[in-house]
Amino acid sequence: QFIENIDNVFKTLSNSLVKDGILLVVDFNREHVRECLKANISFADFDSNENPKKGWKTFGEIKTPVFIRDTEEYEILANKNGLKKILEIYPPFTKEFIDRYPQDKRPKNVSEYLILGYKKL
């Protein structure tokens, strides 16, 4: 989520894998980003509140650019680079996240992350 030119990085990582090697990808879940933008927490200044792709992740006073992608975008990259998807999960919130944000500020029933796993063919 912090890499703008994901095509080159994905290609380099894919090429470095041996046959049956595994590449794990973690990105913010777009639905989570959408809900955080509505609640005005954790993210700011996105290109769209409904289909957020490019904006800022906030860490208190610190902001860093983020680039949100979904499974379809990663699937295209995987296919171009000889990888097969073997894992797609949306894990539950961590205790730290739940403890940090009060119930009224926390996105409801939306996983914070999208985790994908790919195997080199």
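The values are calculated or read from the model by the stated rules, or taken from the named source; none is laboratory data. All figures in this text were calculated on a predicted structure; none of them were measured in a lab. For neighbour counting, all protein chains shown are included, and Cβ atoms are generated from backbone atoms with ideal geometry for every residue, glycine included. Remember, those area values only see protein heavy atoms, side chains included, never the ligands or the DNA or RNA. Shrake-Rupley method; radii C 1.70, N 1.55, O 1.52, S 1.80 Å.
Counting only protein heavy atoms and a 1.4 Å probe, tell me what percentage of the stretch 18-121's accessible area is made up of carbon and sulfur.
Working: 3330 of 6150 Å².
Solvent-exposed carbon and sulfur of the stretch 18-121 make up 54 percent of the total.
Solvent-accessible surface of the chain, averaged per residue with a 1.4 angstrom probe and all protein chains in place: 60 square angstrom. Given the pairs 11/63; 57/85; 53/84; 11/85; 85/119; 11/80, which span a C-alpha to C-alpha distance of over 18 angstrom in this model? Going by Cα-Cα distance, 11/63; 57/85; 53/84 fall outside the 18 Å limit. Only one residue of 3, 82, 115 has its Cα farthest out toward the positive end of the dipole of the chain, where Lys and Arg carry +1 and Asp and Glu -1 on Cβ, and that residue is 82. Contact order, relative form, for the chain: 36 percent (alpha carbon pairs under 8 Å, 6 or more residues apart, mean separation divided by residue count). The sum of -39500 (n - 2.57) across all DSSP H runs of n ≥ 4, divided by the residue count of the chain, sets its helix-only mean residue ellipticity at 222 nm to -8500 deg cm²/dmol.
Each residue of the stretch 18-33 was assigned a 3J(HN,Hα) from its phi angle through the Karplus expression (A = 6.51, B = -1.76, C = 1.60, θ = phi - 60°), giving 7, 3, 6, x, 10, 10, 9, 10, 10, 9, 5, 5, 4, 5, 4, 4 Hz with x at Gly and Pro. Find the percent of Cα-Cα distances in the stretch 2-62 that exceed 20 Å, and round it to a whole number. Counting every Cα pair in the stretch 2-62, those more than 20 Å apart make up 42 percent. Loop-resident chymotrypsin sites (Phe, Trp or Tyr not before Pro) (DSSP state other than H, G, I, E or B) in the stretch 1-106 with no more than 15 further Cβ atoms inside 10 Å of their Cβ: 2.
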